[in-house]
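Report on the structure given below.
Read-outs throughout are calculated quantities, based only on the coordinates presented, and are distinct from any laboratory measurement. Values in this document were obtained by computation on a predicted structure and should not be read as measured data. Cβ placement follows ideal geometry from the backbone for every residue including glycine, while neighbour counts extend to all protein chains displayed.
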Amino acid sequence: MLHADKEILKPWCVFIIDDSPEDRSEIHRMLLSGSERRLTFVEAGTGAAGIKAVLGAVPPPDCVVLDYNLPDMDAHEVLAALIGSDGMPVCPVVVVTGVARREDGRRVLRAGAQNYIGKDWAGAQALTRALETACEGWAMARELRQGRDALRLVADRETFRRVFGDAVRGLTDEHVIQQTASDLLGAHLQASRVMSLEVAGEEHVVVGPSYVSDVNRMAGIYRLEDYGPKLLATLRSGENVVVTDIRGDGGYSESDKSAYAQMEIAANLGIPVLKSGKLVAVLGVHQNVPRMWTSEEIAIAKEIAERTWAAVEHARADAKVVASRVQLSQIVAIMPSFSAVLKGPEHIFELANQSFYDLVQHGSEILGKTCLEALPELATQPFPDLLDKVYLTGEKFEAAGMSVFLRRGPLEVQTEIFVDFVYLPLRGADGQVSGIFCHGVDRTAEVRAAQSLSMRERALRSLADNTPDLLMRFDRQLRHVFVNSVVEKITGRKVEELLGKSNREMDMPAYPCDQWDAAINHVFEHGSHSSLDFEWATPNAGVRYYSSRLVPEFNDDGGVESVLCVTHDVTRRRAFEQQLADQARRKDEFLATLAHELRNPLAPIRTGLQVLKLAPDLAVVTQILPVMERQLGQMVRLIDDLLDVSRINSGKIVLRLERLSLQEVVASALEASRPLIEAAGHSLRVDLPADLVWLEADPTRLSQVLNNLLSNSAKYTRTGGQIHLAATLLGKEVHIAVADNGAGIPEDMLSSVFDMFTQIKRTLDRAEGGLGLGLSLVKTLVQLHGGTVRADSPGIDQGSKFTVTLPTATRPDGQPACEASSPTSTVSNGRRILVVDDNVDAAETMVMLLELSGHEARSAYGGQQALDVALSFRPDLVFLDIGLPDMNGYEVARRLLADPATASTKLVALTGWGTEDDIRKSKVSGFHAHLTKPVEHEAVEALLVSLLPTRRA
């Protein structure tokens, strides 16, 4: 035996197809005797009967013994009918024949038989072995065929899966996905219809895209209850509905069968799709004829149903994302603020609006580039890390006024801008972060404005805190809303103490509070400025005087919003105004004194002239002329003092410095002042250093200083007083003091005694004249010499002391010998002289004086007249006034020098203008000399001798 195991020894059913009853019985007998198995037999006498019985048997017989020749067909035809879909007979077949030809055996084996045996040599054992060999061969072939079929099914399934995946991949429309899946599955299963049904609500299903072949397409909405409660429960439980033949299935009513027949459904697969335990869709596979559904077909249908629904859900989610992206892009495009969408962990620009392009100064070329590819300057800034963090954590990031540096402009200059922005994570259909939405506002202008405003505020605060004025701002409740730091110096209170409080809340006394409230309310009510002057006791500077100006500050509606008060410390101004008032008063006193001082010498001069008229004899003339000359000299000195003051005030005084000894200066001053001292009966004491003290000084001006001091002492000391001049050498300075025991100086006058026009009221029995210019000249001249002067006095009637301090000079190496000047000759040789002056009296008296001196003199009173007289008179010298009515003296001089007839005439300016500038102008205009009125006769004669030494022929 080939096998002795349980599988071989199981009972067999043997089907004998033979037209001979005897042969059937013989085969029956031989098998029973030759086999150890328990056998059962089924018989048929024709091929058709055998075919029907074998194909209808469930299960089929274990083996068929087939006669080669049958009355209705041969073995080849029977074998062809028994071949199944897999290419093999439904059971093993052994062909027996009365004529065992080899060729016939090969033919039946090729036709599908497993063995072949002749009746003439078939014994019990041979037939049994042939039967068992056939069964074993068929089983092995069937197993091999099933293995090949399984491999083919796997290959087909994988191929189908790949085709399905390739076809569905990339599809974004749910209807296209469903149609594609239905078409592919329908073709693969060779079904009549494949369709997707989606559950809508609790009661209906909606037929989606479907595949049909030789049947009608179904569409529309169907009720769930049409499935029947049993079928619906099966689907909702997640079990597949598998029906091979609806017409033969007792589970369907006749009405159901009729309905299915109308829909051309004979066999049906219902594949449920559940999500979270709920039925959401059904994949229906229909066949218009009964069909045995294999497990492979059911499995592939189940897989396709699940994959299709997953793809549909994904497409719907993607569609939502796309719709949201489209909506987002539309929103981004119209948003006034800058916006951009970056996708993926690489942060690739997907969308951006014009505002974003304007911000980064790039166009749409940045789309498709990563953030750092588009904007490489961000690599060293925090933004890439912030994007990574938002993408990884899914948490938004927002910032206000954040600084960012971008390359902008044609030169790509790195520019700082300021932005408010937010990074929002964007999520895909799977809920995972897929991108980032960047949205923000460019705040650069506002930040710059705020920075500028802050700078201006700091500058204004600095200006306000560094201005000497007190600045305050009041609201309508009279409260301080702004105060600068000057308030601390004035009130001793901190700025913070005043803010938000009114003056009354700061415990200001009632009276000034009333003043302030009235002034502030006036501005609020009338919208015009107001002013307020007040005094205040400061913590450290005593009582100070202030002047306030209050002005309205208007709002956009034109109403007064606040009142600004600027308070200025006018203490110094008040003092200066008082000084100006004092100076004006002193000037008035000076003018009165000047009139008095001028009248004093004029009175004896005028009286002298009257005396000369009444008694013109020589004795009277001899007596009265010295008086008139002395009084005239007094007037000249007054005028000289005034001229000196004018020169000093205009800065035109020039020192003629030279090396000289103090002793020389003192001697000159004593010579000038001694007559006044002796006339008053004063005693004079002079103490000078034994050695010469050398100075770098103007001898005339320094002598004038000491002369003024000595003359003051002589004038303001009672008759018989004492005057002391002493010089002391201290280091590189010499101190020259002039002291007296005279009227003294009040203490309150010591600080102003050197001011111009200052006069000290005297209580002496005799009044001494004076314009109050002397000490002012002293101070200025001493300062011009690099020295100082100080006044000291114990008080009224206790004398005074003036001390002049001057720098000393080094001793000169040698003193040049001073040649004695020969006296000026007054002998006249009689010159022709023309006097030109619009003051007729001055011109005529000068002519008379010149004629008395032996000269031939003429006069003219205007410029043109002077030119005419000069042409006919041909003078040797012309005394020419500068201020003439028709043309000035400079023009007359120019014409005289330009005319050959008068080109050699000497020209002397005789004018009341005697400043250094006046002398320079006359020299430039061609004048040979310059004399200032009034002029001494001796000076005139000396000038004539120097300019006209010889008589003209």
| request: Ratio to report: Rg/Rh of the stretch 654-807, with Cα atoms as the point set and Rh obtained by the Kirkwood method; give two decimals. | output: 0.95
| request: Mind pulling the angle between the C-alpha long axis of helix 47-56 and the longest principal axis of the chain? Nearest 10 degrees, somewhere in 0 to 90. | output: 40
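Assign one of three labels to the stretch 12-148, namely rounded, prolate or oblate, based on the Cα gyration tensor with a ≥ b ≥ c the square roots of its eigenvalues; rounded applies when a/c is under 1.5, prolate when it is not and a/b is larger than b/c, and oblate otherwise.
Numbers: a/c = 1.28, a/b = 1.19, b/c = 1.08.
Rounded is the answer for the stretch 12-148, as its axis ratio a/c remains below 1.5.
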| query | Helix 571-614: angle to the longest alpha-carbon principal axis of the chain, degrees 0 to 90, nearest 10? | reply | 20
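After finding the eigenvalues of the alpha carbon gyration tensor for the stretch 10-49, what semi-axes result from the square roots of 5 times each, listed largest first in whole Å?
Values: eigenvalues 76, 29, 5 Å².
So the equivalent ellipsoid measures 19, 12, 5 Å along its semi-axes.
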| Given charges at beta-carbon only (K, R positive; D, E negative), |dipole| of the chain in Debye | 2060
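Starting with the fewest neighbours, write out Lys119, Lys389 ranked by other beta-carbon atoms found within 10 Å of each beta-carbon.
On the way: Lys119 18, Lys389 14.
The most exposed by this proxy come first: Lys389, Lys119.
Could you state the per residue volume, in Å³, of the convex hull enclosing the Cα atoms of the chain?
Details: hull volume 465.9 nm³, N = 953.
Enclosed volume per residue, from the Cα hull, is 489 Å³.
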| For the stretch 482-494, Karplus couplings with θ = phi - 60° (6.51, -1.76, 1.60), whole Hz, Gly/Pro x | 8, 8, 8, 6, 4, 4, 5, 5, 7, 9, x, 10, 6
| Relative compactness, the stretch 170-318, computed as alpha-carbon Rg over 2.2 N^0.38 Å | 0.98
| request: Evaluate 2.2 N^0.38 Å with N set to the residue count of the stretch 467-569, then give the Cα radius of gyration divided by it. | output: 1.02
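Per residue, what volume in Å³ does the convex hull of the Cα atoms of the stretch 78-223 enclose?
So the per-residue Cα hull volume is 175 Å³.
Which whole-number percent gives the relative contact order of the chain, counting Cα pairs below 8 Å spaced six or more residues apart?
On the way: 1554 pairs, mean separation 38.3, N = 953.
It rounds to 4 percent for the chain.
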| message | Using each residue's phi in the stretch 360-369, evaluate 6.51 cos²θ - 1.76 cosθ + 1.60 at θ = phi - 60° and report the 3J(HN,Hα) Karplus result to the nearest Hz, with x for Gly and Pro. | response | 8, 6, 9, x, 5, 5, 6, 5, x, 9
| request: Please name whichever of Gly542, His526, Met508 sits farthest to the positive end of the charge dipole of the stretch 467-569, dipole taken about the Cα centre and charges placed at Cβ: Lys and Arg +1, Asp and Glu -1. | output: Gly542
| Setting aside same-chain residues fewer than 8 positions from Lys613, which lysines have a Cα under 26 Å from its Cα? | Lys933
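Using only the Cα atoms of the stretch 832-947, build the gyration tensor, take square roots of its eigenvalues as a ≥ b ≥ c, and label the shape rounded, prolate or oblate: rounded if a/c is under 1.5, else prolate if a/b is larger than b/c, else oblate. Could the numbers behind the result be given before it?
Details: a/c = 1.26, a/b = 1.06, b/c = 1.20.
The shape class here is rounded.
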| remark: Measuring from the longest principal axis of the C-alpha atoms of the chain, the long axis of helix 699-715 (C-alpha) lies at a number of degrees, nearest 10, equal to 70
| task | Counting only DSSP beta bridges with both residues in the chain, tell me the antiparallel percent, nearest 5. | result | 75
| For the chain, with +1 on Lys and Arg beta carbons and -1 on Asp and Glu, the positive-most of Ser462, Ala281, Leu944 along the dipole | Leu944
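In what order do Phe421, Phe754 fall by count of nearby beta-carbon atoms within 10 Å, going from fewest to most? Working shown, then result.
Values: Phe421 23, Phe754 19.
So the ranking, lowest neighbour count to highest, is Phe754, Phe421.
Give me the one-decimal Kirkwood hydrodynamic radius in Å for the stretch 288-350, with the sum taken over alpha-carbon pairs. Show your work: numbers first, answer last.
Numbers: mean 1/r = 0.0640 Å⁻¹.
Here the Kirkwood hydrodynamic radius works out to 15.6 Å.
Would you please classify the overall shape of the stretch 268-311 from the alpha carbon gyration tensor, given that a ≥ b ≥ c denote the square roots of the eigenvalues, rounded means a/c under 1.5, and beyond that prolate means a/b larger than b/c while oblate covers the rest? Intermediate results must be reported in sequence, preceding the final value.
Numbers: a/c = 2.48, a/b = 1.93, b/c = 1.28.
Prolate, because a/c is 1.5 or more and a/b exceeds b/c.
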| query | Taking Lys230 as the anchor, which lysines have their alpha carbon closer than 30 Å to its alpha carbon, excluding any fewer than eight residues away along the same chain? | reply | Lys257, Lys275, Lys278, Lys302
| note | Placing +1 on each Lys and Arg Cβ and -1 on each Asp and Glu Cβ in the stretch 12-148, then taking the dipole about the Cα centre, the residue among Gly98, Ile16, Pro59 whose Cα reaches farthest towards the positive end is Pro59
| remark: Given backbone amide H placed at 1.01 Å from N, residues whose amide H is under 5 Å from that of Leu426, ignoring those fewer than 5 places away on the same chain, are Ser434, Gly435, Ile436, Phe437
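With runs of 4+ DSSP H residues as the only contributors, calculate the mean residue ellipticity of the chain at 222 nm using -39,500 (n - 2.57) per run, divided by the residue total and rounded to the nearest 500. Before the final figure, lay out the partial values.
On the way: 26 runs with 409 residues, N = 953.
Theoretical 222 nm ellipticity from helices: -14000 deg cm²/dmol.
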| So which aspartates and glutamates pass the test for Lys715, namely a Cα distance under 18 Å, with those fewer than 8 places away in the same chain ruled out? | Glu597, Asp641, Glu671, Glu678, Asp740, Asp765, Glu768, Asp792, Asp797
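Hey, could you grab the Kirkwood Rh for the stretch 335-448? Inverse mean 1/r over distinct alpha carbon pairs, Å, one decimal. Don't skip to the answer; put the middle values down first.
Values: mean 1/r = 0.0700 Å⁻¹.
It is 14.3 Å.
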